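**Student:** The structure that follows is given in the form of structure tokens.
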Amino acid sequence: MQITRYQAGTYDIAVIGLGHAGIEAALACARMGLRTIAFTINLDSVGNMPCNPAIGGTAKGHLVRELDALGGEMGKAADDCCIEYRMLNRGKGPAVYSLRGQIDRVKYRERMKATLEKTKNLYIVQAEVVELLTEEEKVTGVVTRTGATYGVKAAIICTGTYLEGSIIIGELSYESGPDGLFPSKGLSASLAKTGHTLRRFKTGTPPRINRSTVDFTNLEVQTGDEDIEPFSFSTKEKKENLAVCHLTYTNPTTHQIIRDNLHRSPLFSGNIKGIGPRYCPSIEDKVVRFADKDRHQLFVEPMGLDTDELYIQGFSSSMPEEVQLQMLHSVEGMEHAHVQRSAYAIEYDCVDPRELYPTLESKLISGLYGAGQFNGSSGYEEAAVQGFVAGVNAANKLLGREPFVLMREDGYIGTLIDDLTDKGTNEPYRMMTSRSEYRLINRQDNADQRLMGVGHDLGLVSDETYSEMLQKYALVEEEILRLEKTGARFDEDFFKAVEEKTGGNVHKGVKLADLLRRPGVTYDELAAVDPDRPTLPRDVTQEVEIAVKYEGYIKREREKVDKVKRLAKRILPADLDYMSMATLRLEARQKLAAAKPKTIGEASRISGVSPADISVLLLYTEQGKA
Ligand SMILES: Cc1cc2nc3c(=O)[nH]c(=O)nc-3n(C[C@H](O)[C@H](O)[C@H](O)COP(=O)(O)OP(=O)(O)OC[C@H]3O[C@@H](n4cnc5c(N)ncnc54)[C@H](O)[C@@H]3O)c2cc1C
């Protein structure tokens with residue numbers, strides 16, 4: 001039956017979805033002064049975590065810190081709702097230190113909904129958007145299932161795993177969003193009319209069980225960090241751990257149950273068509289792919305303080321329910337576990353991100369933006385940073401300001417968006433530290449130094465927070481200078497200990513900085529031979545230690561970045577005959593001939609022109625052939 005449509009008002013920007021992408025997009029637009037209307041299928045699912053109740057982790061911690069430095073919300077909300085903090089990869093170098101926090105899922109939703117409701121210029125609505133309105137390839141409005149028609153100048157699609165969502169459990173599949181929420185029906189067809197390519201991706205989640213039915217006797221306890229570092233640079237109060245996780249393992253019996261039932265797995269029976277994330281495999285996938293392993297780790301994670309629901313990290317599955325129960329009850333501690341929510345897989349529509357510019361604006365429809373899982377990524381953090389970038393760009397365009405584009409050398413956000421919009425992705429894209437060429441300078445600890453100035457210029461970071469950051473790094477510089485100039489107080493035992501630990505003699509009058517450069521010597525240990533040291537905050541001394549210890553490596557990486565930036569400025573003659581350059585790939589020749597880029601930098605941002613093609617152009621310009 002045709003629903004009667006009615007004019008429900010005009011706004012500057014519509015944000016479709018209030019998951020992790022939509023929240024950051026809506027807040028950025030409203031905080032930049034744009035009248036923003038934001039939709040979600042269910043207001044009680046704002047900021048929902050349909051998968052692990054955790055924020056951060058390897059490389060994801062970097063994204064949260066970069067977003068926080070730019071003025072995003074996730075880091076602050078995470079600190080308000082975190083029940084256990086752990087800095088991962090402490091045994092490795094600071095480039096891969098990554099913060100991970102166990103989050104109280106219900107509290108996080110409430111915190112984010114309240115923040116949205118209190119934000120000026122922002123209007124949130126529980127409604128499903130079923131159609132995008134455009135005229136002459138330009139966004140003009142959106143329509144909801146109830147016929148409400150909103151006039152807007154830009155729309156940001158952040159529909160997550162809901163778009164034509166379908167749940168798969170064994171032989172069963174049915175239309176649904178995650179966590180029993182309605183799917184999004186109709187918008188896909190409207191998007192397809194704009195010419196955008198929609199693909200089918202898939203992801204999965206493990207069962208949730210009741211704590212009182214778990215036997216914790218033989219499970220390993222995993223406690224949080226003693227010395228907690230918060231997610232947000234604005235968090236000053238001391239944080240504490242309020243919960244623990246536990247560790248158990250699958251075993252050969254679990255694996256045999258899975259092997260005996262692979263024929264009923266929709267992954268292997270072909271019932272699942274969508275492409276799943278390589279780096280978040282289901283347990284059945286792991287048993288098949290790593291057949292030599294006789295056990296897989298399972299983290300038993302609390303989902304909040306006021307619930308007995310536990311999340312089994314590493315046990316994602318889409319096996320039939322009865323098989324899931326057999327698998328679970330074969331695991332140590334889970335013999336009598338009561339399942340409150342079964343594991344499942346979900347398939348959903350998402351766009352080909354190569355159809356978006358690095359601003360995340362559509363190349364086909366002006367004023368249309370995409371962010372989050374809709375762009376082919378996977379993960380709360382990946383979604384949040386895209387939401388922020390799309391929101392800022394939608395606002396900047398309407399405010400007549402320059403596009404906001406972060407480059408690979410600026411950090412993980414720039415790397416993520418460049419990977420998606422330039423190379424595209426054939427599976428849900430998860431951020432990893434190995435994706436960045438500049439890990440040592442783009443660490444999670446110095447995201448404020450790298451990006452807070454940008455956030456301040458956008459008007460999304462307060463003067464107070466910004467000046468605190470400047471003061472912090474002024475203290476860092478001052479302390480490094482002091483260590484370079486100050487000789488260590490002679491202490492025979494200490495000097496001997498350093499010689500034994502690091503080899504090589506320690507001479508009287510050795511500078512403190514030279515001692516700190518020695519592997520294994522920490523800033524804290526130097527206190528023994530540094531009587532006049534000032535009392536400095538932890539985040540300052542951490543920066544000092546990294547800057548002194550990794551000085552050489554950081555310098556080389558900076559030189560690499562400077563070279564890339566310098567080369568990016570290299571001019572390309574307007575009459576360059578790209579089609580005759582046989583060493584360029586055909587796609588690149590065609591794209592370059594069509595775009596006629598003015599500089600190498602411009603050429604590197606043309607989708608389909610690979611880093612290898614750029615090397616060819618650099619060679620050409622070097623040899624003066626161009
Ligand atoms: C079962 C499952 C397993 C997952 N497993 C993993 C994993 O292992 N690792 C990992 O990194 N990530 C995983 N994720 C992904 C993670 O949840 C997402 O990456 C993240 O939530 C994406 O954020 P988002 O903002 O893009 O979308 P979501 O958080 O999904 O939010 C989408 C929002 O859009 C709204 N919406 C959708 N359509 C409409 C419409 N037409 N009109 C109005 N509102 C609409 C919804 O109501 C919701 O508010 C999983 C997700 C699910 C569902």
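**Student:** Which condition number in (1) surrounded by fewer than 16 Cβ atoms within 10 Å (Cβ to Cβ); (2) within 20 Å of residue 350 (Cβ to Cβ); (3) in contact (Cβ under 8 Å) with a residue 24 or more places away in the chain is the one that residue 175 fails?
**Tutor:** The failed condition is (3).
**Student:** Tally time: how many residues in the stretch 128-152 are open to solvent by 10 Å² or more (accessible area, probe 1.4 Å) and out of contact with any Ser or Thr (no Cβ under 8 Å at 6 or more places or on another chain)?
**Tutor:** Residues in the stretch 128-152 being open to solvent by 10 Å² or more (accessible area, probe 1.4 Å) and out of contact with any Ser or Thr (no Cβ under 8 Å at 6 or more places or on another chain): 5 in total.
**Student:** Exactly one of (1) surrounded by 15 or more Cβ atoms within 10 Å (Cβ to Cβ); (2) part of a loop (DSSP other than H, G, I, E, B) is unmet by residue 240. Its number?
**Tutor:** Answer for residue 240: the failing condition is (1).
**Student:** Among the residues that make up the stretch 158-166, is at least one of them more than 10 Å from the ligand (Cβ to nearest atom), in a loop (DSSP other than H, G, I, E, B) and not basic (Lys, Arg)?
**Tutor:** No: zero hits.
**Student:** I need the full set of residues from the stretch 457-471 which are of a type outside the set (A, V, I, L, M, F, W, C) and touching a helix residue (DSSP H, G or I) at 6+ places or on another chain (Cβ under 6 Å), in order please.
**Tutor:** The one that is of a type outside the set (A, V, I, L, M, F, W, C) and touching a helix residue (DSSP H, G or I) at 6+ places or on another chain (Cβ under 6 Å): 466.
**Student:** Select from the stretch 110-127 the residues that are open to solvent by less than 30 Å² (accessible area, probe 1.4 Å) and in a loop (DSSP other than H, G, I, E, B) and write down the one among them that is nearest to the ligand (Cβ to nearest atom).
**Tutor:** Checked the stretch 110-127; the qualifying residue nearest to the ligand (Cβ to nearest atom) is 127.
**Student:** Assess whether residue 146 counts as being among the β-branched types (Val, Ile, Thr), away from the ligand (no atom under 14 Å from the Cβ) and part of a loop (DSSP other than H, G, I, E, B).
**Tutor:** no
**Student:** Could I ask something else about it? Identify, from the list 423, 472, 485, the residue that is assigned by TED's automatic domain parsing to the domain that holds residue 529 and open to solvent by 50 Å² or more (accessible area, probe 1.4 Å).
**Tutor:** 485
**Student:** Out of 550, 578, which single residue is more than 32 Å from the chain's Cα centre (by Cα) and not assigned by TED's automatic domain parsing to the domain that holds residue 436? Talk me through it step by step, then tell me what you get.
**Tutor:** Working: 550 fails: more than 32 Å from the chain's Cα centre (by Cα).
Being more than 32 Å from the chain's Cα centre (by Cα) and not assigned by TED's automatic domain parsing to the domain that holds residue 436 holds for just one of 550, 578, which is 578.
**Student:** Tell me which residues, restricted to the stretch 382-414, are surrounded by 24 or more Cβ atoms within 10 Å (Cβ to Cβ), away from the ligand (no atom under 14 Å from the Cβ) and within 20 Å of residue 95 (Cα to Cα).
**Tutor:** Within the stretch 382-414, 411, 412, 413 qualify.
**Student:** Let me ask another. State which residue is nearest to the ligand (Cβ to nearest atom) when the search covers only the stretch 330-381 and only residues that are under 30 Å from residue 214 (Cα atoms) and open to solvent by less than 10 Å² (accessible area, probe 1.4 Å).
**Tutor:** Here the residue is 346.
**Student:** Output the number of the condition that residue 190 fails; it satisfies all remaining conditions of (1) assigned to a helix (DSSP H, G or I); (2) within 8 Å of the ligand (Cβ to nearest atom).
**Tutor:** Answer for residue 190: the failing condition is (2).
**Student:** Show me the helices (runs of 4 or more DSSP H) entirely contained within the stretch 1-109 in which 2 or more residues are under 14 Å from the mean Cα position of the chain (by Cα), in contact (Cβ under 8 Å) with a residue 60 or more places away in the chain and more than 16 Å from the ligand (Cβ to nearest atom).
**Tutor:** The qualifying helices (runs of 4 or more DSSP H) are 60-70.
The values are calculated or read from the model by the stated rules, or taken from the named source; none is laboratory data. In this text the structure is predicted, and so the values were computed from the model without any measurement. Because the Cβ atoms are built from the backbone with ideal geometry, glycine has one as well, and the counts that use them run over all protein chains shown. These accessible areas exclude ligands, DNA and RNA; they are computed on the full protein's heavy atoms, side chains included. Shrake-Rupley method; radii C 1.70, N 1.55, O 1.52, S 1.80 Å.
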